[in-house]
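Worksheet: the structure to be examined is printed underneath.
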Amino acid sequence: MDEGLPACEVPLVSDAEIMAVCEGYGNDPHRMLDILRDLQDRFRCISPQILTVVAKQTGSTRVAVEGVATFYSFLSLTPKGRVTIRLCDDIVDRFSGLAEVTEAFETELGIKLGHTSRDGAFSLDYTPCIGLCDQAPAAMINDIVVTNLTVEKVRGIMAALKSGKSPEALISERFGELKPHERATRMVDNNIRHAGPVLLGPVPEDAGLRKALDLAPADIVDAVEASGLRGCGGAGFVTGRKWRFAAQEPAERRFIFCNADEGEPGTFKDRVLLTERPHLLIEGMTIAAKAVGAKEGVLYLRGEYVYLRELLQSVIEERRERGLLGPAILGVEGFDFDLRIQMGAGAYICGEEGALISSCEGLPGEPKTRPPFPVTKGYLGFPTVVNNVETFCNVARILDRGAEWFHALGAGGSHGTKLFSVSGDCLNPGVYELAYGMTMRDFLSLVGGEEAAAVQVGGPSGTMIARDSFHRRLSFDDLTTGGAITIFGPERNILEIVEYYISFFVHESCGYCTPCRVGNVFLQRAIGKFRKGLANPKDIEYLKDLSATIIETSRCGLGTTSPRPILETMENFPLVYSALAKPSKDRIRATFDIQAAIDDARKLAKRRSYIFDRDFGQ
Amino acid sequence: MSDLPKARIATASLAGCFGCHMAILDIDERLIELMKLVEVDRSPLTDIKRFTKRCDIGIIEGGCCNEENVHVLRDFRRHCDVLIAIGQCAIMGGLPAMRNAIMHSDDPLRECLEEAYISGKYIRNTTHSIPNDPALPLLLDEVYPCSEVVEIDYNIPGCAPTGDVIYDTLSGLLTGRFHGFEREEIRFD
C-alpha cells in the first residue's frame, strides 16, 4: 500500500494572488480566519510563503498568523488533496461500522488514514463529530457531506471521484441547478421525528419581528425574561437577563452573535433549524438587535456545516432585499441591523462563547478570562450577546405568541420546548421537539430505545445514566442537556465510550491551561489501563484526584467538564470499574512493559537482552 | 528498644549519582543509634550483591534508565516489605530523565546516544562509535520513575534529601512513629 507522503509539493503561487485574497477582506487582521480559509481552499495549504505574505498584508506578525493556522484542524501547513475526505470519528459512527468504511476508503484510495496521495488528488482524515450521528457513518468530502456510508457506497463514491467527477456530482448530476435548500436536503436528511408547537411546527413568517417593531427595547427584554426562556446551548443562562446586561452597558457599538458551532458529540438539532428555520433564526437575531441596541451581528457557523453556508447566505440576501435586514428595517428609521456569516474551521472549543469571539477577532479560538463577560466586554471589547441557534428561534416565537404562552409550556423551572437530537442504539434516531419534563423511560419508548443500558444526556460534557435512573426527567431541574441524547444498548462497552469521549477532549483542548492539556492525556492513559485489565484499586482514587484537579484549575467549560465521562460513569456504573481493578499480587506494576521499553535499544545495539530475553544464549 | 529483633535494610542505587547514598551517611554519628535498630543486607554500603534474607525495608536511589535497573528494582520489590524511593531521580526520574525531552524524533534513543558519544560539540571519542559491549545492559526507551515499575510505599524527597530527613523517616518507620514529614524538613526554597 502506498503510504502517501506527509507533505506533497507546496504549490507555487505569486505573492500578488495571496495579496488579492487579503485585500478581498480589507486586509483586516480580524478576518484572519476567513483569509486563511479562503487561501486553504485555493492553494490546499497555508504554506510558509502564505504565512509571510498574509502577516505583511494584514499588519500582523508571522508567528501570530501561524498561531491561527495551526490552531484550527481544517487548516493545514502541508498540502491537502484536491479532494479532502474527512470521516466522522464519533462513537456512534464507530458503532455503525466506521472501521469497515475507513478500510474501504483506504483500499480504494491506496493511502492510509492521515495521508495525502502522491499525486495530490486525495486526502483521507478523521474528524470529530460532524453533527450527523442520526445518519452515521458520515463523511465530509470537501464542502459536501455524504451519509449512511457502507462499503458498497464507498466503492461507488470512489469510482465516481476517480473518474473525474466533482464531489458535488455525487449528490446530483444537476447540483448546480438545485436551490440551496434542496442541495442541503439532498445531502442530509432532517429526520424530524416529532414537531412541537414552538419551533418545528408551522411558523408564520416574521410575525414576531413585526410585533417587536411596536415595542420599546426594554419591553422586548421584559417579554423574553417573562417567558422564562433559558439558553438552549447547554448552560441554560436566562436569556432575558443576558440581554439586559448587554443593553445596560454604556457602549458605542453592540453585537449580536449566533452560536451555530454545535460541536458537542451527538448534537445536531441546530443543523435542522439552520436547514428548516433559517428565517426564524435571523428574525430572532434581528429582534435581539432591537432589544439591546445592536447594529451588527455574526452568525458563527461551524466548519463542519459548510454545506449550509450557501443556504444561509441566500436567506440573508433575501432578507436584505425584502428590507428585513440592513438600514431601516421594515421602514423603521433607526432600526438598522445586518450580519455576516463567520465560518469556523473545525475547533470544538469555539462553541465556548469567549473562544467563539476570539475566533471572530482573527485569533486562535482560545477562551477569554471571565469576568469580564461578553455581555459587558465581548467582540472587539464591545458588549456582545452570544446565543444559541435554538434560543434565537425561540425568541422570535415568544414575540409572536406572547411570553405567557411560552411560559405555560414545559415543567418546573424549564419553560417551552426543547429540541433533542437522538442517536445511537434506537429505532428512530433524529430530532424531536418535546416539552420539558419528560421522563427518560417515556422518552426511550418514544424513540424506540427501550433496550438501552446507558444513555448519555448532553454529550460527553453532560451525564451518563444507567437503567436505575430512567425515571429522571429531562429539564433544567434534573437532567439538563444542550440537546444530545445518545443511546447505548446492553452490548456496548462503557469504557470504550468513556475512552472515546476523553480522547475527544484531549484532541479539542486548546492547550492554554496545563491541567486540561496534560491532565486529560493522563486520564486517557489511566482509562486505557482499565480497558487492558491492568488497573489496580488505587487507580480509581487516582482518576478521582486527577479529575478534581482538572475541574478546579481550568478556566473554561472544556476543562471543567472534560473529566465528567469518567466521574459520571464511576458513579452510575461503579461495578464496571471495580470489576476491572485488581490489586497486583507481587506489587510489580503490570502496566510497565519491559519488552516494549527495551525494544528500541535492542534494535540499536543489534543484540538481545541478557535479562529479559530467554533465548539470549542462542 | 534494644530487645526488639533488628530490622533488615537493603539499599540500591539505580539511575542516580550516588548522592542519596552519600546523604544516608550524612546522618553522621546518629548512624550508631540507627545501627542498634537495623542490620544492613544487600547494599553498596556493605558490598553484599544478593539478598541473603527477606528485608523489612528497601531503599532505592535513582530511577530506571536500563534493563538492569528494572531487574534490580523488581528484585527489591519481591524481597522487601516496605519500599522507599529516596531523592528526585527515584521519585520523578530526575536529571537522567532529561533525555525524555527528546520526543519529536523518530528515533529518540539513537539521537540521544549520537549526541552523547559522536556528534556532541565537546565530545572527544576516538572510536567514533556508541559503546556496545555485550555486558552493557540495554537502555530503556525513556527514563522511568520507580513508581511506574513497581509500587512504592514511601517517597523521601530532596536532591539529595538531608541527613536529618533520612534519619527521622527511617527511625520513625522502625519505631512505628512515622506520620509524614515536617513541612520545614522538605522545604527547599
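The values are calculated or read from the model by the stated rules, or taken from the named source; none is laboratory data. Keep in mind that this is a model prediction, so the values were computed, not measured. Positions of Cβ are generated from backbone atoms using ideal geometry, with glycine treated the same way; all protein chains shown enter the neighbour counts.
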Can you pull out every residue in segment A:575-605 that is more than 8 Å from chain B (Cβ to nearest Cβ) and either free of Cβ contacts under 8 Å to residues at least 60 places away in the same chain or small (Gly, Ala, Ser) (or both)? A:Leu575, A:Tyr577, A:Ser578, A:Ala579, A:Ala581, A:Lys582, A:Pro583, A:Lys585, A:Ala590, A:Asp593, A:Gln595, A:Lys603
Out of (1) at the interface with chain B (Cβ under 10 Å from one of its Cβ atoms); (2) touching a residue at least 60 places away in the same chain (Cβ under 8 Å); (3) not small (Gly, Ala, Ser), the one A:Arg555 does not meet is (1)
Given (1) touching a strand residue (DSSP E or B) at 6+ places or on another chain (Cβ under 9 Å); (2) assigned to a helix (DSSP H, G or I); (3) buried (at least 16 other Cβ atoms within 10 Å of the Cβ), where does A:Phe592 come up short, assuming only one miss? (2)
Given the conditions (1) touching a Leu at 6+ places or on another chain (Cβ under 7 Å); (2) modelled with pLDDT of 95 or more, which single one is not true for A:Glu499? (1)
Scope segment A:480-531; condition crowded, with 21+ Cβ neighbours inside 10 Å, within 21 Å of the chain's Cα centre (by Cα) and of a type in the set (A, V, I, L, M); matching residues: A:Ala484, A:Ile485, A:Ile487, A:Ile497, A:Val498, A:Ile502
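Return a yes/no flag: does segment B:51-71 have any residue that is among the hydrophobic types (A, V, I, L, M, F, W, C), out of contact with any Ser or Thr (no Cβ under 6 Å at 6 or more places or on another chain), assigned to a helix (DSSP H, G or I) and on the phi < 0 side of the Ramachandran plot. Working first, answer last.
Taking segment B:51-71 as the starting set, the residues that turn out to be among the hydrophobic types (A, V, I, L, M, F, W, C) are B:51, B:55, B:57, B:59-60, B:64-65, B:70.
Right, trim to out of contact with any Ser or Thr (no Cβ under 6 Å at 6 or more places or on another chain) and you get B:51, B:55, B:57, B:60, B:64-65, B:70.
If we keep only those that are assigned to a helix (DSSP H, G or I) too, we end up with B:70.
Within this subset, residues satisfying the condition of being on the phi < 0 side of the Ramachandran plot are B:70.
Scanning segment B:51-71, I find at least one residue that is among the hydrophobic types (A, V, I, L, M, F, W, C), out of contact with any Ser or Thr (no Cβ under 6 Å at 6 or more places or on another chain), assigned to a helix (DSSP H, G or I) and on the phi < 0 side of the Ramachandran plot, so the answer is yes.
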Condition set aliphatic (A, V, I, L, M) and in contact with an Asp or Glu (Cβ under 9 Å, 6 or more places away or on another chain), scope segment B:24-58, selection farthest from B:Arg77 (Cα to Cα): answer is B:Ile27
List, please: which pairs have Cβ atoms under 8 Å, are six or more places apart or on different chains, and start with a residue in segment A:501-514 that is farther than 20 Å from A:Asp90 by Cβ and end with one that is of a type in the set (Phe, Trp, Tyr)? A:Cys510/A:Phe71
Restricted to segment B:147-164 and to residues being of a type in the set (S, T, N, Q) and outside any strand (DSSP E or B), the residue farthest from the other protein chains (Cβ to nearest Cβ) is B:Thr162
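Could we say that B:Ile123 is in a loop (DSSP other than H, G, I, E, B), within 11 Å of chain A (Cβ to nearest Cβ) and either surrounded by 16 or more Cβ atoms within 10 Å (Cβ to Cβ) or aliphatic (A, V, I, L, M) (or both) here? Give the steps one after another, and end with the answer.
Numbers: in a loop (DSSP other than H, G, I, E, B): yes; within 11 Å of chain A (Cβ to nearest Cβ): no; either surrounded by 16 or more Cβ atoms within 10 Å (Cβ to Cβ) or aliphatic (A, V, I, L, M) (or both): yes.
Criteria not met by B:Ile123.
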(1) touching a residue at least 24 places away in the same chain (Cβ under 8 Å); (2) part of a loop (DSSP other than H, G, I, E, B); (3) within 14 Å of chain A (Cβ to nearest Cβ) all hold for B:Ile84 apart from (2)
What is the one condition in (1) within 14 Å of chain A (Cβ to nearest Cβ); (2) under 19 Å from B:Leu173 (Cβ atoms); (3) surrounded by fewer than 21 Cβ atoms within 10 Å (Cβ to Cβ); (4) within 14 Å of the chain's Cα centre (by Cα) that B:Ile60 does not satisfy? (3)
Considering only segment B:131-146, state which residues are over 21 Å from B:Gly93 (Cβ atoms) and facing another protein chain (nearest Cβ under 8 Å). B:Asn132, B:Pro134
Subset of segment A:85-111 that is surrounded by fewer than 18 Cβ atoms within 10 Å (Cβ to Cβ) and assigned to a loop (DSSP other than H, G, I, E, B) - its residue that is farthest from the chain's Cα centre (by Cα): A:Gly110
Extreme residue, farthest from A:Cys516 (Cα to Cα), among residues of segment A:545-583 that are in contact with a Cys (Cβ under 8 Å, 6 or more places away or on another chain) and of a type in the set (Gly, Ala, Ser): A:Ser562
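Any idea which of A:Gly416, A:Gly381, A:Gly365, A:Gly424 is in contact (Cβ under 8 Å) with a residue 12 or more places away in the chain and either among the hydrophobic types (A, V, I, L, M, F, W, C) or assigned by TED's automatic domain parsing to the domain that holds A:Val272 (or both)?
Values: A:Gly416 fails: either among the hydrophobic types (A, V, I, L, M, F, W, C) or assigned by TED's automatic domain parsing to the domain that holds A:Val272 (or both); A:Gly381 fails: in contact (Cβ under 8 Å) with a residue 12 or more places away in the chain; A:Gly424 fails: either among the hydrophobic types (A, V, I, L, M, F, W, C) or assigned by TED's automatic domain parsing to the domain that holds A:Val272 (or both).
Result of the check over A:Gly416, A:Gly381, A:Gly365, A:Gly424: A:Gly365.
Please determine whether any residue of segment B:15-36 is β-branched (Val, Ile, Thr) and part of a strand (DSSP E or B). Walk me through it before giving the result.
In the first step, residues of segment B:15-36 are kept if they are β-branched (Val, Ile, Thr); the result is B:24, B:27, B:32.
Narrowing the set further to residues that are part of a strand (DSSP E or B) leaves none.
There is no residue in segment B:15-36 that is β-branched (Val, Ile, Thr) and part of a strand (DSSP E or B).
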For a quick check of your reading of the model, give me the residue pairs whose first member lies in segment A:450-479 and is under 23 Å from A:Pro563 (Cβ atoms) and not assigned by TED's automatic domain parsing to the domain that holds A:Pro574, whose second is of a type in the set (D, E, K, R) and part of a strand (DSSP E or B), with beta-carbon atoms closer than 8 Å and at least 6 apart or on different chains. A:Phe476/A:Arg230; A:Leu479/A:Arg473
(1) touching a Gly at 6+ places or on another chain (Cβ under 9 Å); (2) surrounded by 20 or more Cβ atoms within 10 Å (Cβ to Cβ): which one isn't true of B:Arg8, the others all being true? (1)
Only one of (1) within 14 Å of chain B (Cβ to nearest Cβ); (2) in contact with a Ser or Thr (Cβ under 9 Å, 6 or more places away or on another chain); (3) over 24 Å from A:Ala466 (Cα atoms) does not apply to A:Lys529, and that is (3)
